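Report on one structure; see the data block that follows.
The values are calculated or read from the model by the stated rules, or taken from the named source; none is laboratory data. Just so it is clear, the model here is predicted, and its values are computed rather than measured. Here the Cβ positions follow ideal geometry from the backbone for every residue, glycine too, while neighbour counts run over all protein chains shown. Side chains included, ligands, DNA and RNA excluded: accessible areas come from the protein's heavy atoms. Shrake-Rupley method; radii C 1.70, N 1.55, O 1.52, S 1.80 Å.
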Amino acid sequence: DASDLCELNRRAGLRAMRVDHDLRDIVSTAERFRAQTAGAFDPAVEPLMRTWGFHRPRGTAPSEAEIADARAAVAAAVVRLDGNVVSLPSAHTQLDLGGIGVGYGIDRSIAILRSLGIQRALVDVSGDCYGLGAPPGEPEGWRVDIAGTSQTVRLRDAGLATSANSASVIRWGSQVIGHVMDPASGRPADGRRQMTVVARTAIAADALSTAALVAGRAPGGSITGAT
């Protein structure tokens with residue numbers, strides 16, 4: 001609740017906020033991926049997350065009216081950036097950067113390693129990762145096994161992310177709900193598949209794997225594993 005992102009959400013419909021370079025960069029990048037994926041990746045998906053009970057626990061499934069209201073809030077969201085100033089003109093707009101934040105953090109870590117002269121490393125955060133250079137004796141890059149499949153890829157100066165609706169879930173009796181929302185339908189994305197994307201940056205892999213899961217296909221980047 002004390003984060004800059006939460007403060008920005010609290011100011012929705014009220015006033016703009018001057019943000020630091022990290023929040024500015026990640027919001028700007030998220031908006032770029034929203035446009036690139038035709039909304040399959042959407043940083044303004046927070047109203048749906050709340051409606052389905054991920055950030056505000058509930059004991060039953062949301063009504064059709066609740067889903068429609070949240071879906072409309074996502075569809076109407078506008079994010080304005082002017083240098084270091086960000087504004088959310090509508091009081092109904094709320095940002096959730098969970099689909100891109102890990103990738104951003106990984107890329108920032110890689111930038112620090114490079115600035116220190118480190119030429120090879122593997123940074124892994126909850127299965128999303130980036131291979132810097134290549135390990136000794138393995139010029140093709142770092143070996144990464146894709147969870148839930150028999151597929152293996154090699155990462156050399158590239159990032160990888162996997163999105164699925166089977167890990168972060170909530171349960172209502174026998175009903176299991178995944179956390180990746182489809183902004184178009186207002187409902188969780190198909191939980192029967194997972195998508196893995198390899199891209200030049202971890203943040204691109206992160207955003208595009210989410211978009212691919214929602215769309216059921218690759219909206220950009222390279223799909224390396226899908227089940």
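Numbers at a glance
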{"quantity": "Length-normalised contact order of the chain in % [C-alpha pairs under 8 Å, at least 6 apart]", "calculated": "21 percent"}
{"quantity": "Choice from 13, 59, 131 showing the highest fluctuation, given a GNM over the chain with Cα pairs closer than 10 Å", "calculated": "59"}
{"quantity": "Nearest-10 value in Å² for the accessible area of residue 37, using the 1.4 Å probe", "calculated": "10 Å²"}
{"quantity": "Most fluctuating residue given options 111, 75, 121, as computed from a GNM of the chain linking Cα atoms under 10 Å", "calculated": "111"}
{"quantity": "For segment 86-137 and segment 1-64, distance of Cα centres in Å", "calculated": "18 Å"}
{"quantity": "Helical contribution to [θ] at 222 nm, DSSP H n ≥ 4, -39,500 (n - 2.57), averaged over the chain, rounded to 500", "calculated": "-9500 deg cm²/dmol"}
{"quantity": "In order through segment 121-133: 3J(HN,Hα) via Karplus (6.51 cos²θ - 1.76 cosθ + 1.60), integer Hz, x for Gly, Pro", "calculated": "5, 10, 9, 10, 10, 6, x, 7, 8, 9, x, 8, x"}
{"quantity": "Distance (nanometres) between label positions extended 7 Å along Cα→Cβ at residue 68 and residue 7", "calculated": "3.8 nm"}
{"quantity": "Between 0 and 90°, nearest 10: helix 21-36 axis offset from the chain longest Cα axis", "calculated": "80 degrees"}
{"quantity": "Residues of the chain: accessible area per residue with a 1.4 Å probe, Å²", "calculated": "49 Å²"}
{"quantity": "For segment 68-83, 3J(HN,Hα) per residue [Karplus equation, 6.51 cos²θ - 1.76 cosθ + 1.60, θ = phi - 60°, Hz, x = Gly/Pro]", "calculated": "5, 5, 5, 4, 5, 5, 5, 5, 8, 5, 10, 10, 10, 10, 9, x"}
{"quantity": "Karplus (6.51, -1.76, 1.60) ³J(HN,Hα), θ = phi - 60°, over segment 85-92, in Hz, Gly and Pro reported as x", "calculated": "10, 10, 9, 10, x, 8, 5, 8"}
{"quantity": "GNM top mover of 91, 158, 204 - the chain, alpha-carbon springs below 10 Å", "calculated": "91"}
{"quantity": "Net charge of neighbours whose Cβ lies under 10 Å from the Cβ of residue 42, counting Lys and Arg as +1 and Asp and Glu as -1", "calculated": "-3"}
{"quantity": "Nearest-ten-degree value, helix 101-115 long axis tilted from longest Cα axis of the chain", "calculated": "40 degrees"}
{"quantity": "Once the Cα gyration tensor of segment 33-98 is diagonalised, semi-axes √(5λ) in Å", "calculated": "23, 12, 11"}
{"quantity": "For segment 75-227: rounded, prolate or oblate by the Cα gyration tensor [a/c cutoff 1.5]", "calculated": "oblate"}
{"quantity": "Whole-percent carbon and sulfur share, accessible surface of the chain, 1.4 Å", "calculated": "49 percent"}
{"quantity": "Amide proton proximity set for residue 182, modelled H, under 5 Å, gap of 5+", "calculated": "187, 189"}
